[in-house]
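Take a look at the structure below.
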């Protein structure tokens, strides 16, 4: 998968020296499904761990058409210029296992940002299951943090399972909404709105300003009916225009306010520790699964049993039980 | 979880006698996370297996607002009345793990159907992960088949991971779309359109007819650009009005045509066998995971290690490695 695998120390030194080429290669290593790559990746993650966790991790979601790329372009440039922070933009696209596409394959949609040396943009990994996206995204966050990126934006498209995965790895969850489309049409579900720490109505410019203000009131009312989160934070609704760079600063200020409050009441760290717990369980599950499929006796019989299922000779349950028996006798 | 657990034979006899009360109880058993319930559920599934697989399994998806319930009401009643077949309607809602809600909590949205003795409606299981929904939905399909339901409609909401899960358990995938909203606004991704065996534009009545016809042409063109599936079937686009019972018959005829073609060229069975293969792998994963967490040595140390992670004393990776080492030495 990798054209040339580097030594662990080369990755490590390169990342700590904020070398984006090496950072990219390290992410590719983490995303690789080859055993040797994974071994090396784990070693690298262990090494960089002490240099991680110092960033603000922000999830950004919204349906296609809401203007995510345009928003991230404006928001990212604001953070770099006004706050003098380095930012990384990562994408999580659960559907890529089908389409093999990437929501950010076209980096040119973020023209300014992708040419800014203080920004690092990484498209979504392709051909992964959600579990895989989950795992590699977390490790990609750590790699970016070790490379000195202080704000990590994790972009996700769609409305559902991917957002739950992203919520489990960020500090702050920003939901972008269109004015005038109605949340039904936008396919946004109550569960997603409940996850939001802030809702921003995009494209609040020109003829759209009035609609955006109405939507703001509607969503503010909707938020009132949702149960209060236990982190001491009440989500608000803002409007913004990436085109006219309006409302961008206010969104950042909300995030700073959120960090201030949750740092003071301990919710920030509590959330991160809880996420680490989830991560531990995910690692365990991934490992016991890997151990099963890497077992040599399983490897010997697997394709034969798969053929039997494909030919309809045995049921899936029978086949699973057969495999598990072989594994149990052998481990 | 269950108020009263029945004997395996009681479930079995009740299901084969098409007793809906017992069928409901059996589904609750399958959805239960209690060990004893799961053991019994597995035994029951093994018993009913020879009586399954004879239905047509149809996945139905579309964003909220597309009129899924109204469509299923009309479609289901058509199948019962005109085709004299018993139908079961199941719901898969991946977001319920957050909201604890159910997209079909309100059965009254399907008034006629829910009062028809030839129809069985089952809301989505709540509080499950996607993996769980996946597993229990497959087993619920089998239970309904054993109870004599000849058409199984699996309703899913949202756009993304849930559809991939549903696609992996149905013979035919029907995508409902709104006219005039544009697929961007509907949050429908290319990957979902690629999965569709048929697209139906809903609410093609009154002022909406012209818009629906335009949308039909747009989606037909879109389908042209997508890669041909290898099952010999070319997906079409139809319009329908559940309100005026128009286009419902045509949708059913498309499904019959699909079954005819894929039965003849072998794609129907090939797809089912492939789905069984996926199911086998899912069972294996679920089992190795369960075995880990049920191991007594793991049980003894787990909460202590979880505390250490929550207090930030060890990283998630270190904790996972510690647990895996304990497990390895013990198994």
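Here are some notes:
- You will find that of B:243, B:238, the residue that is out of contact with any strand residue (DSSP E or B) (no Cβ under 9 Å at 6 or more places or on another chain), within 30 Å of residue B:198 (Cα to Cα) and in the same structural domain as residue B:153 (by TED's automatic domain parsing) is B:243 and no other.
- Residues of region B:292-320 satisfying the condition of being within 35 Å of the chain's Cα centre (by Cα), surrounded by fewer than 18 Cβ atoms within 10 Å (Cβ to Cβ) and at pLDDT below 90: B:294
- The residue of region A:29-53 that is modelled with the lowest pLDDT, among those that are in a loop (DSSP other than H, G, I, E, B) and away from chain B (no Cβ under 14 Å), is A:33.
- Single residue of B:76, B:14, B:65, B:59 found to be under 22 Å from the mean Cα position of the chain (by Cα) and either assigned to a strand (DSSP E or B) or farther than 29 Å from residue B:242 by Cα (or both): B:59
- For region B:38-55, the criterion of being under 30 Å from residue B:178 (Cβ atoms) and touching a helix residue (DSSP H, G or I) at 6+ places or on another chain (Cβ under 7 Å) is met by at least one residue.
- Among the residues of region A:88-112, the ones that are assigned to a helix (DSSP H, G or I) and either farther than 21 Å from residue A:23 by Cα or modelled with pLDDT of 60 or more (or both) come to 8 in all.
- Taken together, the criteria place residue B:85 among residues that are surrounded by fewer than 21 Cβ atoms within 10 Å (Cβ to Cβ) and at pLDDT 90 or above.
- Listed conditions (1) within 7 Å of chain B (Cβ to nearest Cβ); (2) assigned to a helix (DSSP H, G or I) are all met by residue A:312, apart from (2).
- Unique match (being touching a residue at least 40 places away in the same chain (Cβ under 8 Å) and surrounded by 16 or more Cβ atoms within 10 Å (Cβ to Cβ)) among A:23, A:29, A:47, A:40: A:23
- Identification of helices (runs of 4 or more DSSP H) wholly contained in region B:197-299 with 3 or more residues that are closer than 24 Å to residue B:77 by Cα yields B:248-264.
- Region A:279-291 - residue that is modelled with pLDDT of 90 or more and under 19 Å from the mean Cα position of the chain (by Cα) and, of those, surrounded by the fewest Cβ atoms within 10 Å (Cβ to Cβ): A:281
- Residue match in region B:319-326 (condition: touching a residue at least 24 places away in the same chain (Cβ under 8 Å) and closer than 24 Å to residue A:294 by Cβ): yes
- Residue within region A:175-183 that is in contact with a helix residue (DSSP H, G or I) (Cβ under 7 Å, 6 or more places away or on another chain), assigned to a helix (DSSP H, G or I), at pLDDT below 90 and within 13 Å of chain B (Cβ to nearest Cβ) present: no
The values are calculated or read from the model by the stated rules, or taken from the named source; none is laboratory data. Quick caveat, the model's predicted, so the values are computed rather than measured. Note that we place each Cβ from the backbone using ideal geometry, even for glycine, and neighbour counts take in every protein chain shown.
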